[in-house]
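This report refers to the structure that appears directly beneath it.
The values are calculated or read from the model by the stated rules, or taken from the named source; none is laboratory data. Since the model is a prediction, treat every value here as computed from it, not as a measurement. Virtual Cβ from ideal backbone geometry, glycine too; neighbours counted across all protein chains shown.
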Amino acid sequence: MDRQTDTGASNLLYRHPELYEVAYDGAGHAVARLAETILHDQLGHQPASLLDLGCGTGRDLEYLATLIPDVVGVDHQRAMLDYARHRRPRIDFRLGDMRTLRLERTFEAITTFGYALADIHANRDIDRVMATCAAHSRPGTVLIVEVIDPLRTGELPRTLTIDIPDLRADAITEYRHHHAQQLLEQHRTWRRAQGLVHDLAHLRLLHPKELEYYLDNHGFDVLCAYQLPEKHTAASAFVAARHRGDG
Ligand SMILES: C[S@@+](CC[C@H](N)C(=O)[O-])C[C@H]1O[C@@H](n2cnc3c(N)ncnc32)[C@H](O)[C@@H]1O
């Protein structure tokens with residue numbers, strides 16, 4: 001894997017995908033349901049095909065695959081992909097890097113949820129992700145990007161709990177801004193009976209006009225931004241854009 005971030009091996013939830021879904025409760029599929037609404041608003045129907053970049057455990061695709069016949073999930077972490085394939089065997093999951101992926105086909109919809117784009121730090125790499133989105137788009141393709149709203153980082157979750165038969169763990173998360181780099185440092189301490197675990201991640205913040213610029217450079221017109229007032233997603237903006245067929 002071409003290293004771009006520090007979130008991989010150092011992150012407890014990435015090392016143990018089975019815990020990811022317990023910590024970030026996906027019950028009710030709130031994000032996927034919002035995507036369903038956005039796609040219906042913007043396309044007038046549910047798309048026939050969808051590509052999810054940085055799909056993680058595939059929890060959103062589980063719901064979207066009940067509506068969309070042709071879904072593909074891509075992630076660059078083998079542990080996440082192995083878990084996704086085991087848990088959701090009917091979904092097409094591919095190991096790949098969203099900066100370089102080329103499946104040589106297009107989709108009617110492309111999504112990236114759970115701040116997967118925030119793992120991409122360098123401007124040049126954000127450009128490469130947008131080029132990937134353009135390469136998998138046709139005129140009219142709708143792209144949905146879940147980003148951290150830089151003005152609402154105070155709403156990011158401070159506490160997480162895992163409470164399953166084998167493990168009881170609580171996490172406290174602290175955030176620190178590195179303004180010059182537009183990075184948010186996320187320091188998480190897990191308390192378990194066996195001792196403490198420390199996670200460190202850096203999340204790239206994108207301001208709305210900046211995101212619009214990257215998208216426009218690759219042929220996408222921003223349509224609107226949606227929000228979901230849920231506990232774990234109160235800091236999220238879901239930006240929808242449509243591909244013009246150029247770029
Ligand atoms: C916070 S998780 C979100 C997972 C999933 N979208 C969700 O909401 O549950 C971010 C995911 O993005 C993936 N990711 C980060 N950088 C990536 C890259 N360059 N290419 C593919 N996947 C990437 C990570 O491996 C991780 O699974």
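All but one of (1) of a type in the set (S, T, N, Q); (2) more than 9 Å from the ligand (Cβ to nearest atom); (3) in contact (Cβ under 8 Å) with a residue 40 or more places away in the chain hold for ASN123, so report the exception by its number.
Result: ASN123 passes all but (3).
From the residues in segment 198-246 that are of a type in the set (Lys, Arg) and either modelled with pLDDT under 95 or under 18 Å from the mean Cα position of the chain (by Cα) (or both), which one is surrounded by the fewest Cβ atoms within 10 Å (Cβ to Cβ)?
Our first condition is that a residue be of a type in the set (Lys, Arg); within segment 198-246, this holds for 204, 209, 231, 242, 244.
Checking the rest, the ones that are also either modelled with pLDDT under 95 or under 18 Å from the mean Cα position of the chain (by Cα) (or both) come to 204, 231.
On the way: ARG204: 21, LYS231: 9.
The residue in question is LYS231.
PRO150 fails exactly one of the following numbered conditions: (1) in contact (Cβ under 8 Å) with a residue 40 or more places away in the chain; (2) surrounded by fewer than 23 Cβ atoms within 10 Å (Cβ to Cβ); (3) near the ligand (Cβ under 9 Å from one of its atoms). What is the number of that condition?
Every listed condition holds for PRO150 apart from (3).
Hey, can you tell me all the residues within segment 115-149 that are part of a helix (DSSP H, G or I) and in contact with a Leu (Cβ under 7 Å, 6 or more places away or on another chain)? Reasoning before the result, please.
Here is the first cut: in segment 115-149, the ones part of a helix (DSSP H, G or I) are 116-119, 123-135.
Within segment 115-149, ALA116, ALA118, VAL129, MET130, THR132, CYS133 qualify.
If I ask for residues that are buried (at least 23 other Cβ atoms within 10 Å of the Cβ) and out of contact with any strand residue (DSSP E or B) (no Cβ under 6 Å at 6 or more places or on another chain), which ones from segment 65-75 would you list?
ASP75
Out of GLY54, GLY28, report the one residue that is within 11 Å of the ligand (Cβ to nearest atom) and among the small types (Gly, Ala, Ser). If you could, list the steps in order and put the result at the bottom.
Values: GLY28 fails: within 11 Å of the ligand (Cβ to nearest atom).
When all the criteria are applied, what remains is GLY54.
Return the only residue of GLU185, GLU174 being within 16 Å of the ligand (Cβ to nearest atom) and of a type outside the set (A, V, I, L, M, F, W, C).
On the way: GLU174 fails: within 16 Å of the ligand (Cβ to nearest atom).
Checking each option against the conditions leaves just GLU185.
How many residues does segment 170-185 contain that are at negative phi and either touching a residue at least 24 places away in the same chain (Cβ under 8 Å) or in contact with a Ser or Thr (Cβ under 6 Å, 6 or more places away or on another chain) (or both)?
In the first step, residues of segment 170-185 are kept if they are at negative phi; the result is 170-181, 183-185.
Retained after the next criterion (residues that are either touching a residue at least 24 places away in the same chain (Cβ under 8 Å) or in contact with a Ser or Thr (Cβ under 6 Å, 6 or more places away or on another chain) (or both)): 170-172, 177-178, 181, 183-184.
The number of residues fulfilling the criteria is 8.
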